[in-house]
Amino acid sequence: MNAIREVLRGHEVPESAVSTSRLNLSSQWNYGSERTFAGYECTASFVIELRELDTLETVLIDVVEAGANEVQGVEFDVRTKKELRARARTAAVAAAREKAALYAEAAGAQLGPVIHIKDVDAEQVQNYRGHSSRRGGDGGGEGDLTPGKVSVSAGVVLGLSLIGG
């Protein structure tokens, strides 16, 4: 753990951007014709937030060289997600209203007032479309972990009354 922390300090990753789990100590056994005690295994996990994405690959390589033996994932995100989600929700309502207007016109009616709005979980919307919110690069970058797009989406179920028809 100390070697990994030293690597992160060397890359000027602030202490506040690193969180660690508690140490987990477990007994290890060998199984064969009879069970024999092999010793203990101690594990710890790190979550590291990097704001300088150009250093991502180097930091990962150095952390592995310092002794980390498992990387469970790399996630890309944005700091302005709340604002972007608000814009996506506004666009989702506009798109739902536009689609409803087409249906109403086809039925010979006009749209009336909104009678129901239900927010749809954005994670479900992204997974339905085949895009995971945890996916970063688009596969077209130079390095293995070249940052790409971060999708921020919103979905809505909009109930509108109909006039005429």
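The values are calculated or read from the model by the stated rules, or taken from the named source; none is laboratory data. In this text the structure is predicted, and so the values were computed from the model without any measurement. No Cβ is skipped: glycine too gets one built from the backbone with ideal geometry, and neighbour counts run over all protein chains shown. SASA here: full protein model, heavy atoms, side chains in, ligands and nucleic acids out. Shrake-Rupley method; radii C 1.70, N 1.55, O 1.52, S 1.80 Å.
If you check S33, S19 for being over 20 Å from the mean Cα position of the chain (by Cα), among the small types (G, A, S) and at negative phi, only one passes: S33. Among the residues here, A38 does not qualify as under 28 Å from the mean Cα position of the chain (by Cα) and aliphatic (A, V, I, L, M).
For the stretch 61-75, the set of residues classified as outside any helix (DSSP H, G or I) and under 13 Å from I48 (Cβ atoms) consists of A66, A68, V71, Q72, G73, V74, E75, listed by residue number.
When the residues of the stretch 50-71 are filtered to those that are hydrophobic (A, V, I, L, M, F, W, C) and open to solvent by 50 Å² or more (accessible area, probe 1.4 Å), the one that is nearest to S16 (Cα to Cα) is L53. Among residues of the stretch 1-27 that are within 18 Å of V64 (Cα to Cα), those with a Cβ under 6 angstrom from a residue that is at pLDDT below 90 and in a helix (DSSP H, G or I), sequence gap 6+ or separate chain, pair up as H11/T55.
Would you pick out the residues in the stretch 1-40 that are of a type in the set (A, V, I, L, M, F, W, C) and more than 18 Å from L53 (Cα to Cα)? Result: M1, A3, I4, L23, L25, W29, F37, A38.
When L8 is tested against (1) open to solvent by 60 Å² or more (accessible area, probe 1.4 Å); (2) within 21 Å of Q72 (Cα to Cα); (3) at pLDDT 90 or above, just one condition goes unmet, and that condition is (1). Among the residues of the stretch 34-47, is any touching a residue at least 24 places away in the same chain (Cβ under 8 Å), under 20 Å from V150 (Cβ atoms) and not in a strand (DSSP E or B)? Checked the stretch 34-47: no residue is touching a residue at least 24 places away in the same chain (Cβ under 8 Å), under 20 Å from V150 (Cβ atoms) and not in a strand (DSSP E or B).
Candidates in the stretch 11-24 are the residues that are touching a Ser or Thr at 6+ places or on another chain (Cβ under 8 Å) and assigned to a strand (DSSP E or B); of these, the one that is farthest from R79 (Cα to Cα) is N24.
Condition check ((1) surrounded by 11 or more Cβ atoms within 10 Å (Cβ to Cβ); (2) farther than 15 Å from R5 by Cβ) across all residues:
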| residue | (1), (2) |
| --- | --- |
| A17 | yes, no |
| S27 | no, yes |
| E34 | no, yes |
| F37 | no, yes |
| G73 | no, yes |
| R79 | no, yes |
| T90 | yes, yes |
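E83 - would you say it is acidic (D, E), surrounded by 11 or more Cβ atoms within 10 Å (Cβ to Cβ), at pLDDT 90 or above and at negative phi? Judged against the criteria, E83 is a match.
Of the residues that sit in the stretch 96-114 and are assigned to a helix (DSSP H, G or I) and open to solvent by 60 Å² or more (accessible area, probe 1.4 Å), which one is nearest to V157 (Cα to Cα)?
Among those that are assigned to a helix (DSSP H, G or I) and open to solvent by 60 Å² or more (accessible area, probe 1.4 Å), it is R97.
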